[in-house]
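These notes are about the structure you will find just below.
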């Protein structure tokens, strides 16, 4: 027999006492849906609280929900009380806007999302009938979810149903498949239905992501190509990198390319390692060397070059955002140069990465004595409270490869990190005290830790909940900080702990991306469980190697350069033409702004002047990214506003092409009588050696027979000087020069 209860309801027309039936009752137990564990996940799965709908900052059509349900206490208020409760009709639940709009009974901007009488419809209906109860303080919550099946091999056309189970704080498990939001990382390989049915579309590999109540789980689906492989192409290994890369290629049936030639390897390794072209003499010596270990010996020499120090100082200056302050000039060029020199000293000494990071994170004192505090100066900016500045996001992104900045306002959309996690992490910086000096004494800027008044606890306030949050790492482990102790010391210890795979992985991924053209995880600084590496076995092995060798950067660079994987040709073979993720061939890419500028100067033997710096300084040596240079700006020099490598543009644009083809600077270098070509025209009367010298200076190889024949034909039809000017122009504008391959 149906039980009745008395519910006090606020109707749209005022206070009205109504007697309504409880939610649907089956036996003695009423089935009352949970707002947090049932209704919010359903709204998430249907897309109602996504950024493209009611979850965006201003909401949609007057109705706003918290993004992906991160604040259920807000959502219940907006559903039941906002606009005088018009969205729910507790007297006639089936007439609630929450049901009429998604079923299409009345116009709805989001279209028809559910059918009347469906499981989703009945869940919402039962919740409204139960009086639309809100979050319960003592309600069990999800601790983790499991997605099954796990990693799986499929073939085009195959289908697989996914099942998601959630474990709660009270220990019970629940099937939540129908309330889970599914997504696929590469929609070209697989598609997944809202109910979790996976359909393999074509060959490749990707992850399917399941999200429920802030928890994330993934399964990797491999769809091999249908082709036979020559085993001999997969068995040649130089080190463990090749073993794991070739194993992945074998699993996908993707053939690797052949090894690149000696001149291509010399050019590639030089540009990637020291940001500098090899000279014609270096090319001749290397190609003439017949010893089997000449590539390994070349790598050792490159790692000891002064240009290595210059080039990797540039890389770390980008990562650590060494620039003038964003909004004013208190930290001028002097501070930028001082930090650049500090970084150069670290690279010169091959300082272990964990030691360098600990020094930087715990730095205090004046900018004159501790130039590394510049990392804090540019990230804290004018803000007096760390949680309002960029320091939290920059530390996480630079040293953990984690984009946590979105959790400042709401829970992370693709990972388990919550808004609480962000403010726990921000609490490590809450006692920072910045003294920025004056316009007259710019070097007087300093950084220290502010002493707290007796009895005041270290921490910060979560703006949404008002809860006081103490310092705590992302993994949720406790952190005890003694009175007067700098909390950053504990933070630095946790970040650089050898067990912290985010720390080792962030640098491994950056190095791998630098040399191979794409990271094991992409984007490079977006490490999360829902964004798995393209080769998990290689990922784990590289992380172990980095930790086991005490975070030695040179060791890792040497390891990558010596691998057969790095030394594969950029030319594709049948079967790997479309591969951009599994390293079956070297990915050709445009030279970076500074490297290209220096390559042009070296090829023409004429330096580029930079205001405020001595003549002859190379672009890779410039400490300040604000140095005026139209060329560097056009070719993607980063402003260093964030640690994101995406700041460094690698695209090809029409303005770049125009600059190379018609830029005054380049034409002056080509036509100058004091440059390489001008001196060769004066001193070299034989055309073949002159042409060879130009090819070696630009493309790092001698001309082919066909290329030399074309030069000879041109020499018959035009003046010698004009022909060779045109030849140098053509070489500098060729893809073979502008790209590393």
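Taking the simple approach of a point 7 Å from Cα along Cα-to-Cβ for both residue 461 and residue 573, what is their distance in nm?
6.6 nm
Pull out the extension gain between residue 664 and residue 408, defined as 0.36 nm times the separation in residues minus the alpha carbon to alpha carbon distance; nm, one decimal.
Extra length available between residue 664 and residue 408 comes to 87.4 nm.
From Cα pairs below 8 angstrom and at least 6 apart in sequence, can you work out the relative contact order of the chain, rounded to a whole percent?
Dividing the mean separation by the residue count of the chain yields 11 percent.
Give me 644, 48 sorted ascending by neighbouring Cβ count inside 10 Å, so fewest comes first.
Going from least to most buried by this count: 644, 48.
In nm, to one decimal, how far is the modelled label at residue 475 from the one at residue 293, with both set 7 Å along Cα→Cβ?
Computed distance between label sites residue 475 and residue 293 equals 3.9 nm.
If you rank 724, 425, 515 by fewest surrounding Cβ atoms within 10 Å, what's the result? Walk me through the numbers on the way to the answer.
Working: 724 24, 425 27, 515 19.
Result, fewest neighbours first: 515, 724, 425.
Starting from the Kirkwood Rh over alpha-carbon pairs, what translational D in µm² s⁻¹ does the chain have by Stokes-Einstein at 25 °C and 0.890 mPa s?
83 µm²/s
Averaged over every viewing direction, what's the projected area of the C-alpha convex hull for region 399-522? Give it in nm², one decimal, please.
Average of the hull's projected areas for region 399-522 equals 10.9 nm².
By how many nm would the segment from residue 518 to residue 735 lengthen if fully extended, with 0.36 nm per residue of separation less the alpha-carbon distance?
Contour length minus the Cα-Cα distance gives 76.2 nm.
Given the rule -39500 (n - 2.57) for each run of at least 4 DSSP H residues, summed and divided by the residues of the chain, what is its mean residue ellipticity at 222 nm, to the nearest 500 deg cm²/dmol? Let's see the in-between values first.
On the way: 29 runs with 280 residues, N = 741.
That calculation yields -11000 deg cm²/dmol at 222 nm.
Looking at the square roots a ≥ b ≥ c of the eigenvalues of the Cα gyration tensor of region 106-157, which shape do they give, rounded for a/c under 1.5, prolate if a/b is larger than b/c, or oblate? Please list the in-between numbers first.
Working: a/c = 3.05, a/b = 1.29, b/c = 2.36.
Here region 106-157 falls in the oblate category.
Which of the three applies to region 142-223, rounded, prolate or oblate, going by the alpha-carbon gyration tensor with a ≥ b ≥ c and a/c under 1.5 meaning rounded? Please report the intermediate quantities before stating the final value.
Numbers: a/c = 2.41, a/b = 2.38, b/c = 1.01.
Prolate shape, in that a/c is at least 1.5 and a/b is the bigger ratio.
Based only on other Cβ atoms within 10 Å, what is the fewest-to-most ordering of 637, 174, 701, 84?
Values: 637 23, 174 16, 701 19, 84 11.
Starting with the residue having the fewest Cβ neighbours, the order is 84, 174, 701, 637.
Any chance you could run the full-extension gain for residue 95 through residue 654? It's 0.36 nm times the residue separation minus the Cα-Cα distance, nm to one decimal. Please list the in-between numbers first.
Numbers: separation 559, 0.36 × 559 = 201.24 nm, distance 5.79 nm.
This chain segment gains 195.4 nm when fully extended.
Considering all projection directions equally, how large on average is the shadow of the alpha-carbon convex hull of region 450-566, in square nanometres?
9.9 nm²
Just the number, please: Stokes-Einstein D of region 308-495 in µm²/s, Kirkwood Rh from C-alpha pairs, 25 °C, 0.890 mPa s.
Calculated translational D: 143 µm²/s.
Name the shape class, rounded, prolate or oblate, that the alpha-carbon gyration tensor gives for region 85-128, where a ≥ b ≥ c are the square roots of its eigenvalues, rounded holds for a/c under 1.5, and otherwise prolate holds if a/b is larger than b/c and oblate otherwise.
Because a/c hits 1.5 or more and a/b fails to exceed b/c, region 85-128 counts as oblate.
Roughly how many Å is it from the Cα centre of region 629-697 to that of region 69-92, as a whole number?
63 Å
Take peptides 519-526, 574-581, 295-302 and line them up by average Cβ neighbours within 10 Å, highest first, as a rough protection proxy.
The peptides rank, most packed first, as 519-526, 295-302, 574-581.
What is the calculated FRET efficiency for residue 348 to residue 485, with r their C-beta to C-beta distance and R₀ = 25 Å, to the nearest 0.05?
Result of the calculation: an efficiency of 0.15.
Principal axis lengths of region 232-364 from Cα atoms, whole Å, largest first?
The Cα atoms of region 232-364 stretch 61, 41, 26 Å along their principal axes.
If the viscosity is 0.890 mPa s and the temperature 25 °C, what translational diffusion coefficient in µm²/s does Stokes-Einstein give for region 189-253 when Rh comes from Kirkwood over Cα pairs?
Estimated via Stokes-Einstein, D reaches 174 µm²/s.
What's the Cα-based Rg to Rh of region 605-684, Rh via Kirkwood?
1.04
Tell me, what is the percent relative contact order of region 465-622, built from C-alpha pairs under 8 Å that lie six or more residues apart?
Relative contact order, region 465-622: 14 percent.
Bear in mind that the values in this text are calculations on the coordinates, not laboratory data. All values derive from a computational prediction rather than experimental measurement. Positions of Cβ are backbone-derived with ideal geometry, glycine not excepted, and every protein chain shown enters the neighbour counts.
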